[in-house]
1. With each label point set 7 Å from Cα along the Cα-Cβ vector, what nm distance links B:Leu23 and A:Thr57?
2. If you scale each eigenvalue of the Cα gyration tensor by 5 and take the root, what three semi-axes come out for chain A, rounded to whole angstrom and sorted largest first?
3. For segment B:125-243, compute Rh as the Kirkwood radius over C-alpha pairs and then the Stokes-Einstein diffusion coefficient at 10 °C and 1.306 mPa s; write the answer in µm²/s, rounded to an integer.
4. Would you list, by chain and number, the aspartates and glutamates whose Cα falls below 17 Å from the Cα of A:Lys126, excluding same-chain residues fewer than 8 positions away?
5. For B:Arg94 and B:Phe123, what is the calculated FRET efficiency with R₀ set at 41 Å and r taken between the beta-carbons, to the nearest 0.05?
6. Rounded to a whole number, what is D in µm²/s for segment A:110-262 from Stokes-Einstein with the Kirkwood radius over alpha-carbon pairs (20 °C, 1.002 mPa s)?
7. Within the protein assembly as shown, what percent of beta bridges assigned by DSSP are antiparallel, to the nearest 5?
8. Just check segment B:165-232 against the gyration tensor rule for me: Cα atoms, a ≥ b ≥ c as the square roots of the eigenvalues, rounded for a/c under 1.5, and otherwise prolate or oblate depending on whether a/b exceeds b/c.
Amino acid sequence: MLELVDLSHTYGSYRAIDRVNLKVAQGEVVCIVGPSGCGKSTLLRSIAGLIKPTGGTVLLDGKPVAGSPENLAVVFQDYSRSLYPWMSALANVGLPLRRRGLDKKRRDAAAMAALEQVGLAGAAAKYPWEMSGGMQQRVSIARALAYQPKLLLMDEPFGSVDAQTREELEDLTLRVCAHHGMTILLITHDVDESVYVGDRVVVLSKAPGTVVGDLPVQLPGPRDQIHTRELEAFVRLRAEVGRLVRGMTPHRNTHGFGVETR
Amino acid sequence: MRRATSGVLRFWIVPVTLVLWELLTRVTESPYFPPPSRIATQFYDMWLSGPASQLLLTESALDTFGPSLGRLLAGWTIAGVLGIALGVALGRIRGLAEYTDPVLQFLRALPPPLLVPIFFVLFKIGTPTQLAVIVFGVIWPVLVNTTDGVRAVDKGFLETARVFQFSRYDILRRVILPSAMPKIFAGLRLSLSLALILMVVSELVGSNSGIGYSLLYAQQSYDYTGVWAHIVLLGVLGLLFNALFLVAEGRVLSWHANARRNV
């Protein structure tokens with residue numbers, strides 16, 4: 001449903017990403033992982049229409065996109081700059097639905113349902129500054145859920161919360177998004193997280209970022225923070241991704257998870 | 001502990017000043033500096049000895065305060081609306097501020113009282129001129145602060161609005177304006193105190209009603225205690241407006257105060 005063709009972007013003379021090619025199928029959860037400064041955020045911002053890439057095309061359902069595409073939601077890393085502090089959680093979640101032509105009653109109902117899914121039904125009337133970081137990021141996720149996008153972009157969504165909250169949010173994302181059948185593109189610098197959350201891990205090289213690895217993740221579901229992470233397959237895949245991220249040559253593995261490099 | 005001390009200080013500073021003032025003026029016996037007790041008595045006789053149904057205000061008080069406060073609030077409101085509207089335009093329309101800046105800086109530098117003769121020519125003598133003076137004088141803090149405020153909206157807030165495809169109206173009404181509101185309120189507060197000053201100034205020239213006119217009248221009748229009573233009245237009004245404004249601000253901007261406290 002999403003296709004990037006030779007997507008490139010330069011800031012002045014600095015090449016952030018260079019001819020990135022990627023296809024994402026409907027319902028897939030793809031994690032993009034790479035070292036810091038590999039243009040991960042540039043890639044996501046190009047897809048979200050927040051910057052105009054200097055080269056290449058973004059195709060959504062086969063159609064090239066210009067500007068911010070319809071049916072796309074983003075969960076930003078910095079929830080404090082994404083949730084509006086002058087609105088309650090419920091109002092924050094319901095706000096994007098105004099564009100969907102729903103009346104206030106139905107907007108509130110949809111927002112409430114989304115908050116229930118992320119376990120925040122009791123905090124609907126709270127303001128973002130009354131909540132912990134993890135709760136605020138849940139509100140961001142609820143906002144994306146209520147919006148019912150076809151494609152959900154997540155930019156280091158769990159980068160600003162503590163480790164335990166991070167695991168909770170990872171599981172929440174997996175559970176809720178599987179339920180909605182959304183296509184997700186999650187950007188992270190965390191190798192562990194990319195393997196745990198993704199159906200597929202795409203590795204970007206250092207700037208100028210380009211795809212150096214595209215690995216399917218075949219782990220038995222439902223995933224579990226403790227058990228999944230001790231599976232041999234998980235450990236092996238994590239090492240593989242780790243090597244790619246550090247720019248080492250990948251092992252041609254013999255254990256059934258094909259490493260395709262370009 | 002420190003709060004308690006500062007509370008006591010605040011409480012004591014007023015009576016101590018009053019007593020010193022009273023003693024000093026009684027000793028010097030200058031006709032220009034009547035003791036505060038006499039000022040208070042005259043204040044009471046002139047304005048506060050009315051019936052309870054009028055909140056103790058006398059007819060004279062209603063006749064004097066009414067037109068003044070009406071002008072002040074009307075002028076401030078017009079300046080607020082115009083200032084916010086123009087400020088948003090200047091802050092959001094690219095290039096507009098740069099083009100208009102020299103003109104605005106020029107206009108802003110003009111002392112509003114000096115424009116009274118021009119406003120006399122432009123508008124009718126009386127309330128329209130006084131309103132023009134107030135509006136022209138107090139629009140600037142609102143305008144400048146609004147421009148600043150709408151420019152300083154966090155990029156993250158705007159990107160979120162873009163991604164979720166908010167309408168232009170929603171971006172303005174639900175993202176830009178609320179985000180700029182703390183600055184806008186700071187401008188409005190400054191304008192309110194300026195409006196009080198300009199209200200009096202505008203009534204000192206070419207008016208036949210209001211506090212400024214009444215002040216001038218007292219001065220011309222050599223009623224210095226009366227002049228002082230007017231000065232006290234203006235101080236009290238300033239205090240009152242500021243307090244009311246802070247209450248309103250506290251309600252509208254409670255998110256802002258709390259958000260900052262929690263960071």
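Every number in this text was worked out from the coordinates using simple rules, so none of it is lab data. A quick note: this is a predicted structure, and the numbers were derived from the prediction, not measured. All Cβ positions, glycine included, derive from the backbone under ideal geometry; neighbour counts span all protein chains shown.
1. About 9.1 nm, to one decimal.
2. Whole-Å semi-axes of the equivalent ellipsoid: 30, 22, 16.
3. So the translational diffusion coefficient is about 94 µm²/s.
4. Once the sequence-local aspartates and glutamates are set aside, what remains near A:Lys126 is A:Asp108, A:Glu116.
5. Efficiency, from the Cβ-Cβ distance: 0.75.
6. D = 128 µm²/s.
7. 50
8. prolate
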